[in-house]
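Here is the structure we will look at.
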Amino acid sequence: MILSLIYQTIVIVLLLSFSFGPAFFALMNTGIKHGYKTGSLLAVGIVLSDFLLCLLVILLIDLGATHLIHNEMNQRFMGLMAGLVLVVFGALYFRKPIAKKDVSIVIGKPSAGTMIFKGFFLNSLNPAVWLLWLGNVTAVSKSLNYSIFRMIVYFGITLSLVLLVELAKVSAAGKLKKVLTEKTMHKINSITGILLIIFGLVLIYNHYFGLI
């Protein structure tokens, strides 16, 4: 059982940390643009979202109400809302580029609450994350004989590892900031914005036409 849990932990950490979704690109962009401290706040928001989603799925399974996640109408509503939010977030990256030649000087650095809020909702509004957690909790519950307390402790430890990996990613991205020019920073912002808008439009298209 221990080896099974270790394997599942590694898989969960890799899935959550290196799924190339909107939260991943927003995190890397924030680390590059604003540095480690601000990027770490976004990471905290993302992991906090994962923890609360995990708790919610555990409760839904315990109550036998996982059909709420699988319900087609609920998935469609979540997909449309997530798509709209991602398009708006993506559009914000096309604001005027940093005016200072020294990119280490950041104008209008976002507040701590804003970054945590942004990370939380970027992650929470992604329907794929909900399904991912449904799969994670279901798989782990078999190894832990479905003890709610043990699952909360297990996922708390697992998400602590995820947070460490996220902070390492932010740190690595932040170091790139020292060698980037204003022009490169603008390109990175544009690419991030385009990717978020694409993610959003794909979600809207798929869920509006009921393709998934």
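The values are calculated or read from the model by the stated rules, or taken from the named source; none is laboratory data. The structure displayed is predicted, hence computed values, not measured ones. FYI the Cβ positions are ideal-geometry reconstructions off the backbone, even for glycines, and counts take in every protein chain you see.
List of remarks:
- The lone exception for M185 - which of (1) more than 28 Å from F77 (Cα to Cα); (2) surrounded by 17 or more Cβ atoms within 10 Å (Cβ to Cβ); (3) modelled with pLDDT of 70 or more it fails: (3)
- In the stretch 114-171, the qualifying residues are those that are basic (K, R) and over 30 Å from Y36 (Cβ atoms), and the one that is surrounded by the most Cβ atoms within 10 Å (Cβ to Cβ) is R150.
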